[in-house]
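J.: After the structure tokens below, expect a handful of questions from me.
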Amino acid sequence: MSETGERPGRCSNAGLRRATRRLGQLYDDAIAPSGLRATQFGLLVQVRELGTPSMGELAEAMVMDLSALGHTLKPLARDGLVTLAVDARDRRQRRVQLTEAGRARLRAAAAHWREAQLRFEAVFGREKAAQLRALVDEIASPGFGEAFGRTGD
């Protein structure tokens, strides 16, 4: 027990990490036939939505630090699913772009992802799933980090 009477096992961070690991495993299994992992799928979706984001923009959108983003992008670039190019206006920055092969892989994975989403909602409940997405979006927001006291990266 802590001084507040809370058991350390009730930590919000630890609980969320356990849940995201479990859900990540389930989604990894579901989209495995596409050759992508759930984290890679999410990253490709974010690149598609942002167009040709800078590494910084993509890291911010994914709530990742630049080194973790670079590590995650490496196999996607190696496999020709994304390109990393120097920004024409600011040569200090690199931009990420989805290739045609990346778009095709994303389309192939999307069917598996949709099936995983439907299974998740069937098991967890549609309303609870919507509530969960809203809650985690709130936690992932920059405003939450600022309110929590995070001062920067």
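The values are calculated or read from the model by the stated rules, or taken from the named source; none is laboratory data. Source: prediction; values computed, not measured. We place every Cβ from the backbone using ideal geometry, glycine too, and count neighbours over all the protein chains shown. Accessible surface areas use protein heavy atoms only, side chains included; no ligands, DNA or RNA. Shrake-Rupley method; radii C 1.70, N 1.55, O 1.52, S 1.80 Å.
J.: Please verify whether the stretch 90-100 includes one or more residues that are in contact (Cβ under 8 Å) with a residue 40 or more places away in the chain and within 22 Å of Gly145 (Cβ to Cβ).
T.: The first filter runs over the stretch 90-100 and keeps only residues in contact (Cβ under 8 Å) with a residue 40 or more places away in the chain, leaving 94-98.
Of the ones still in play, those that are also within 22 Å of Gly145 (Cβ to Cβ) are none.
Looking through the stretch 90-100, none of the residues is in contact (Cβ under 8 Å) with a residue 40 or more places away in the chain and within 22 Å of Gly145 (Cβ to Cβ).
J.: Give the number of residues within the stretch 53-78 that are in contact (Cβ under 8 Å) with a residue 40 or more places away in the chain and more than 26 Å from Asp137 (Cα to Cα).
T.: Counting residues in the stretch 53-78 that are in contact (Cβ under 8 Å) with a residue 40 or more places away in the chain and more than 26 Å from Asp137 (Cα to Cα) gives 0.
J.: Do we have Gly149 as more than 20 Å from Gly24 (Cβ to Cβ), under 17 Å from the mean Cα position of the chain (by Cα) and free of Cβ contacts under 8 Å to residues at least 60 places away in the same chain here?
T.: Criteria not met by Gly149.
J.: Moving on to the next point. Looking at Thr99, Thr52, Thr83, which one is open to solvent by less than 50 Å² (accessible area, probe 1.4 Å) and of a type in the set (S, T, N, Q)?
T.: Thr99
J.: Between Ala109, Ala104, Ala122, which is in a helix (DSSP H, G or I), closer than 24 Å to Arg21 by Cα, more than 17 Å from the chain's Cα centre (by Cα) and of a type in the set (A, V, I, L, M, F, W, C)? Can you show your working first?
T.: Values: Ala109 fails: more than 17 Å from the chain's Cα centre (by Cα); Ala104 fails: closer than 24 Å to Arg21 by Cα.
Of the residues listed, the single one that is in a helix (DSSP H, G or I), closer than 24 Å to Arg21 by Cα, more than 17 Å from the chain's Cα centre (by Cα) and of a type in the set (A, V, I, L, M, F, W, C) is Ala122.
J.: Arg105 - would you say it is among the charged types (D, E, K, R) and out of contact with any Gly (no Cβ under 9 Å at 6 or more places or on another chain)?
T.: Considered against the rule, which asks whether it is among the charged types (D, E, K, R) and out of contact with any Gly (no Cβ under 9 Å at 6 or more places or on another chain), Arg105 comes out as no.
J.: Which of (1) open to solvent by 40 Å² or more (accessible area, probe 1.4 Å); (2) of a type outside the set (Asp, Glu); (3) modelled with pLDDT of 95 or more is the odd one out, the single condition Pro142 does not satisfy?
T.: The single condition Pro142 does not satisfy is (3).
J.: Of all residues in the stretch 7-60 being over 30 Å from Ala85 (Cα atoms) and in a loop (DSSP other than H, G, I, E, B), which is modelled with the lowest pLDDT?
T.: For the stretch 7-60, the residue satisfying everything is Arg7.
J.: Assuming Arg105 fulfils every condition listed in (1) under 16 Å from Thr39 (Cα atoms); (2) of a type in the set (Lys, Arg); (3) without any contact (Cβ under 8 Å) to a residue 60 or more places away in the chain; (4) open to solvent by less than 80 Å² (accessible area, probe 1.4 Å) apart from one, which condition is it?
T.: Evaluating Arg105 over (1) under 16 Å from Thr39 (Cα atoms); (2) of a type in the set (Lys, Arg); (3) without any contact (Cβ under 8 Å) to a residue 60 or more places away in the chain; (4) open to solvent by less than 80 Å² (accessible area, probe 1.4 Å) leaves (3) as the failure.
J.: Out of all the residues in the stretch 112-126, which are more than 16 Å from Gln40 (Cβ to Cβ) and either without any contact (Cβ under 8 Å) to a residue 40 or more places away in the chain or open to solvent by less than 60 Å² (accessible area, probe 1.4 Å) (or both)?
T.: Start the filter on the stretch 112-126 by keeping residues that are more than 16 Å from Gln40 (Cβ to Cβ), which leaves 114-115, 117-126.
Arg114, Gln117, Leu118, Phe120, Glu121, Ala122, Val123, Phe124, Gly125, Arg126, listed by residue number.
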